[in-house]
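Novice: Please find one structure pasted underneath; my questions will follow.
The values are calculated or read from the model by the stated rules, or taken from the named source; none is laboratory data. From a predicted model like this one, the values you see are computed outputs, not experimental measurements. As a convention, Cβ positions derive from the backbone with ideal geometry for all residues, glycine included, and neighbour counts pool all protein chains shown. Accessible surface is based on the protein model in full, side chains and every heavy atom, while ligands, DNA and RNA are left aside. Shrake-Rupley method; radii C 1.70, N 1.55, O 1.52, S 1.80 Å.
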Amino acid sequence: MSEATPQLSIRAIVLSAVLAAILAAANAYLGLFAGLTIATAIPAAVVSMAVLRLLGGGTILENNIVQTGASAGSSIAAGVIFTIPALIILNYWHDFLYSWVLAIAGLGGLLGVLFSVPLRRSMIVEDPLPFPEGKAAAEVLKAGENPGPGVKILAKAAAIGAIVKLAAESGMRIIPDNAIGGGFIGKYLGYMGTNLSPALLGVGYIIGLNVGIVVVSGSILSFNIAIPIYHAFFLDSDPALAARVAAAGGDAVAIAGMIWSAKIRYLGVGSMLIGGVWTLFSLRKSLISGIRSGLNAARQSGGEAIKETERDLPMKWMLIALVVFVIPLALLYQAIVHQWLVSIPMTIIMIVAGFLFVSVSAYLAGLVGSSNNPVSGITIATILFASLVLVLLLGRDSPIGAVAAIMIGAVVCCAAAVGGDNLQDLKAGYLVGATPWKQQLMLMIGAFSCALIMAPVLNLLAAAFGIGPPTPEHPHSLLAPQATLMASVAKGMFGGELPWPMIGIGAVIGAATIALDEWLKHRGSTFRVPVLAAAIGIYLPLELMVPIFLGSLLSYFVEKRLGIVGADEKTREHAHRPGTLFSAGLITGEALTGILIAIPIVVSGRADVLALPDSLHFGQLVGLAVLCVVGYLLYRSGAKPKM
């Protein structure tokens, strides 16, 4: 590309920042609801190509800049929702403080870009890694002569997701949110159900059948094996829980929920802990390689003349920016602990862990893609290490220790998520001839744009729906699974009471899952059992995992229809593009509508402010029929000839 080809134009920056904020809000809702976020680069690229065409046409490099900044929507949202709601769950905050969320998310995201810049040359140019999503985004940009069909798919699916969400429990209440049933067969407590969310179908389609089977199997283990066993044989070991169960009478669904909330979900905590540690251990060589490449690149950077397509942000300015960004975080930590002998070590831990885990995140993004990057495992490791140091500095009974550990983990989580995403975008830019420093600057702008809207979005969702474990006020709250896990880990390190036997059993289940996955790997099986996916399934309610599994099944049926079962990843990704765009539309439409619905709920103070009369409330069968129709439309979109 010519150096004169427009890249960092005003219209590209504005469009990118707007898309980043919108997609961050959507991913925040999705992550709090289902514990998952989706990559946003490809939908952003499709929208960019259509919008810039309406504005007189955009270059491939302008479109690349737009998708670079907009992709921060998923990474900043993940970094925030995986950690910051833990401060609400720990009762340290009663709402999300704007300046604090902005500092943690914004500065964490900016540090993620800075820490990842030295890795570009080694991971993309000299010893290139695959970076699958970066390659896919580059292919979309190169094939962008006719973005119209892709935009139509996105818009149609977004409208469907929005309409169904508006009709559901938090809106007009025409259909329920879930179709659930339970009962007793002798002593056996039976439970089955599904959420009626189109977004979860879309999530399942995107993640594919393998992961879909693993997550639903984890939930089946919890709800159809562990809960019945606990109810039949161990309920009397907890008199308080037994009294609550007795008060529920024969309501099997309510009883299953009580046992899951108080006991069984902690199996998932144990599995996630062992899974996070194992993930880092199994990638120790990659970790060392990533850190070494970053240090080598930093040492080798000099002032020699280099091509525009090889020009990164200058190292001198990066170091100045690092100091400028770290000072506010040090002051923030000091405002929490009020002891410089503690806040300074906290800042050092944050910097060291930040660079360390950004390197890990970037390497993993290069190997398996950003969507499969175990950022939650990285964050668990950070919180555990920070907690151990803080226990020495503050004591195990410190009332502020858990909060301080979460604050460190939150910055590192945002940095790691953005760091992996940055390398993915730089790979796409490398393939289309973009200028690295312009992409790096745009990702900083995109990350900060997302950080600006995170606190208002979280406060709106918390006020309307609740965040964390269900309460009488919000019985169907957004569960925020990763943040609840982080709160549990930090609280447990500082004298909190946790059901350690359940966590221990969960760790054993996690170890068994790892052993099974290693056996499958040794046999060369194409089916794998990633431990963190299994742990999420164990931790989350069955009704959330069922539609994800059904969406993944639709993805498999599409592959059978197109004759690409067993084909290479590039062929399958290209064939799935219409279905992926339809899924992204379902997710975005439902998530944004959920946020919009929250506004009248909060303003009026009534959860039923949009509800229609009872005569227009239909039951679970109608809701299931609606989900089937959405599933059929998703399948039809995916099975059409490729765009």
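Novice: Which percent of the accessible heavy-atom area of the chain goes to carbon and sulfur, probe 1.4 angstrom?
Specialist: The C+S portion of the solvent-accessible surface of the chain is 67 percent.
Novice: For the range 511-558, just say rounded, prolate or oblate: build the C-alpha gyration tensor, square-root its eigenvalues into a ≥ b ≥ c, call rounded for a/c under 1.5, and beyond that prolate if a/b exceeds b/c, oblate if not.
Specialist: oblate
Novice: Tell me, what does the Kirkwood hydrodynamic radius of the range 218-262 come to in angstroms if you use every pair of distinct C-alpha atoms?
Specialist: Numbers: mean 1/r = 0.0952 Å⁻¹.
Here the Kirkwood hydrodynamic radius works out to 10.5 Å.
Novice: Would the chain count as rounded, prolate or oblate if I go by the C-alpha gyration tensor, calling it rounded below 1.5 in a/c and otherwise prolate when a/b exceeds b/c, oblate otherwise?
Specialist: Here the chain falls in the oblate category.
Novice: Right, next: How much of the DSSP beta bridge set in the chain is antiparallel, as a percent to the nearest 5? Spell out each step's value before the answer.
Specialist: On the way: 8 of 9 bridges.
Given both bridge residues lie in the chain, the antiparallel proportion sits at roughly 90 percent.
Novice: Any idea what log10 I(q)/I(0) is at q = 0.18 Å⁻¹ for the range 157-245, Debye with uniform C-alpha scatterers and no solvent?
Specialist: Evaluating at q = 0.18 Å⁻¹ gives log10 I(q)/I(0) of -0.94.
Novice: Starting from the Kirkwood Rh over alpha-carbon pairs, what translational D in µm² s⁻¹ does the range 492-643 have by Stokes-Einstein at 10 °C and 1.306 mPa s?
Specialist: It comes out at roughly 81 µm²/s.
Novice: Tell me, what ³J(HN,Hα) does each residue in the range 596-612 have, in order and in whole Hz, if you take phi through Karplus 6.51 cos²θ - 1.76 cosθ + 1.60 with θ = phi - 60° and put x for Gly and Pro?
Specialist: Values per residue, Gly and Pro as x: 5, 4, 5, 4, x, 5, 5, 4, 7, x, 10, 5, 9, 4, 9, 5, 7 Hz.
Novice: What number, in percent, do you get for the relative contact order of the chain if the mean sequence gap of Cα pairs under 8 Å and at least 6 apart is divided by its residue count?
Specialist: So the answer I get is 33 percent.
Novice: Sorted by packing (mean other beta-carbon atoms within 10 Å per residue), highest first, where do 566-572, 511-517, 19-25, 89-95 land? Please list the in-between numbers first.
Specialist: Working: 566-572: 12.0, 511-517: 17.9, 19-25: 27.7, 89-95: 14.7.
Averaged packing, sorted descending, gives the order 19-25, 511-517, 89-95, 566-572.
Novice: To the nearest 20 debye, what charge dipole does the range 72-165 have about its Cα centre, counting +1 at the Cβ of each Lys and Arg and -1 at the Cβ of each Asp and Glu?
Specialist: Computed charge dipole of the range 72-165: roughly 260 debye.
Novice: So, one more: Provide the net charge surrounding Thr593, with neighbours chosen by a C-beta distance below 14 Å and charges set as Lys +1, Arg +1, Asp -1, Glu -1. Write out the running numbers ahead of the final one.
Specialist: Details: positive: Lys165; negative: Glu169, Asp177, Glu590.
So the surrounding residues net to -2.
Novice: Sticking with this structure for a sec: Take Tyr632, Tyr29, Tyr556 and sort them by solvent-accessible surface of the protein heavy atoms, 1.4 Å probe, largest at the top. Don't jump to the answer; show the numbers that get you there.
Specialist: On the way: Tyr632 125, Tyr29 10, Tyr556 75 Å².
Highest to lowest solvent-accessible surface, that is Tyr632, Tyr556, Tyr29.
Novice: Compute and list, largest first, the equivalent-ellipsoid semi-axes of the range 431-528 from the alpha carbon gyration tensor, each √(5λ) rounded to a whole angstrom. Mind dumping the intermediate values first?
Specialist: On the way: eigenvalues 224, 183, 39 Å².
For the range 431-528, the semi-axes come out at 33, 30, 14 Å.
Novice: Can you bin the range 195-241 into rounded, prolate or oblate? Criterion: square roots of the alpha carbon gyration tensor eigenvalues sorted a ≥ b ≥ c, rounded for a/c under 1.5, prolate for a/b above b/c, oblate for the rest.
Specialist: The shape class here is prolate.
Novice: Quick one: pull the percentage of alpha-carbon pairs in the range 35-119 with a separation above 14 Å. Show your work: numbers first, answer last.
Specialist: On the way: 2540 of 3570 pairs.
That fraction is 71 percent.
Novice: Another question, then. If I stretch the segment between Thr571 and His338 completely, what's the gain in nm (0.36 nm per residue apart, minus their alpha carbon distance), one decimal?
Specialist: Values: separation 233, 0.36 × 233 = 83.88 nm, distance 5.61 nm.
Stretched fully, the Thr571-His338 segment lengthens by 78.3 nm.
Novice: If you don't mind, there's one more thing I want to ask. Just to confirm, what accessible area per residue do you get for the chain at 1.4 Å probe, in whole Å²?
Specialist: Heavy-atom SASA per residue in the chain reads 39 Å².
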